[in-house]
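Reviewing the structure listed below.
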Amino acid sequence: MARAGLDPNSVLQAAAELADTTGLDNVSLAELAKKLGIRTPSLYNHVNGLPELRKKLAIYGTERLTQALTMAAVGKSEDDAVRSIAAAYIGFVRRHPGLYEALSRGADWKRDEELQRVSKTVVDLVLRVLEPYGLKDEMAIHTVRGFRSLLHGFASLEQQGGFGMAIDSEVSFQLLLDTFLAGIRSLYAAAGNEKDNE
């Protein structure tokens, strides 16, 4: 019998809390059951083993990240929107290091349709935020990939204690964003010049 009041969402929330406090590698069915105050076999009423739990955590984390980025983008445009979702992304990783780890590694993003669907919502959001810069088609996708790499790289290095010097890393992050924004404006100008010369 499943414990009264326990549902798949509460199991995921507990697993996410466990990942954030102890690290993703320490999330096991036994530890999750202990946190929930149930016997390990009872978890199988909600999740079909650890691989499925990891997948569900990746989906849950991606949906939570998308919500955070969407809220950050509301009412903003161009540079303000880019800076706001960048800050929301870094803030999410700082608050949810284990959950972020779940969405950034271990899941089979290339083969799993459900994972691809939730991943596409993040890509579509960033594409909309970057739309005013006038980058089209493949160039827009390249720019989204660059933006993601910038955010993931900074967040991962920060998580791993990679910024050890006594220099404000927030200044480094803002400089990184300044450089990215100057770069996409330059790309847009170059694309406009090419059209004018056609």
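The values are calculated or read from the model by the stated rules, or taken from the named source; none is laboratory data. In this text, all values refer to a predicted model and were calculated from it rather than measured experimentally. Cβ sites come from the backbone with ideal geometry, for glycine too, and all protein chains shown count toward neighbours. Please note that ligands, DNA and RNA were not included when accessible areas were found on the heavy atoms of the full protein model with its side chains. Shrake-Rupley method; radii C 1.70, N 1.55, O 1.52, S 1.80 Å.
Would it be correct to say that GLY164 is open to solvent by less than 50 Å² (accessible area, probe 1.4 Å) and at pLDDT below 90? Answer is no for this residue. Residue pairs whose Cβ atoms lie under 7 Å apart, separated by 6 or more positions or on different chains, with the first residue in the stretch 142-161 and touching a residue at least 24 places away in the same chain (Cβ under 8 Å) and open to solvent by 30 Å² or more (accessible area, probe 1.4 Å) and the second part of a helix (DSSP H, G or I) and not hydrophobic (A, V, I, L, M, F, W, C), are HIS152/SER104; GLU158/SER169; GLN159/PRO97.
Looking across LEU18, LEU29, LEU69, one residue alone is closer than 15 Å to ARG95 by Cα, in contact with a Gly (Cβ under 8 Å, 6 or more places away or on another chain) and modelled with pLDDT of 90 or more. It is LEU18.
The single condition among (1) among the acidic types (Asp, Glu); (2) more than 30 Å from THR179 (Cα to Cα); (3) free of Cβ contacts under 8 Å to residues at least 12 places away in the same chain that ASP80 does not meet is (2). Within the stretch 129-141, being surrounded by 12 or more Cβ atoms within 10 Å (Cβ to Cβ) and of a type outside the set (Asp, Glu) holds for VAL129, LEU130, PRO132, TYR133, GLY134, LEU135, MET139, ALA140, ILE141. Looking at the structure I just gave you, is LYS34 over 23 Å from VAL93 (Cα atoms), open to solvent by 10 Å² or more (accessible area, probe 1.4 Å) and part of a helix (DSSP H, G or I)? Taking the combined requirement at face value, the residue satisfies it. Figure legend. Inter-residue proximity from the stretch 32-53: first residues under 19 Å from LEU99 (Cβ atoms) and in contact (Cβ under 8 Å) with a residue 24 or more places away in the chain, second residues part of a loop (DSSP other than H, G, I, E, B) and of a type in the set (A, V, I, L, M, F, W, C), beta-carbon distance below 8 Å, spacing 6+ or different chains. Indicated pairs: LEU36/LEU6; HIS46/ALA2; HIS46/LEU6; LEU53/VAL27; LEU53/VAL47. Taking the criterion of being among the basic types (Lys, Arg), open to solvent by 70 Å² or more (accessible area, probe 1.4 Å) and in a helix (DSSP H, G or I), the residues of the stretch 55-80 that qualify are LYS56, ARG64.
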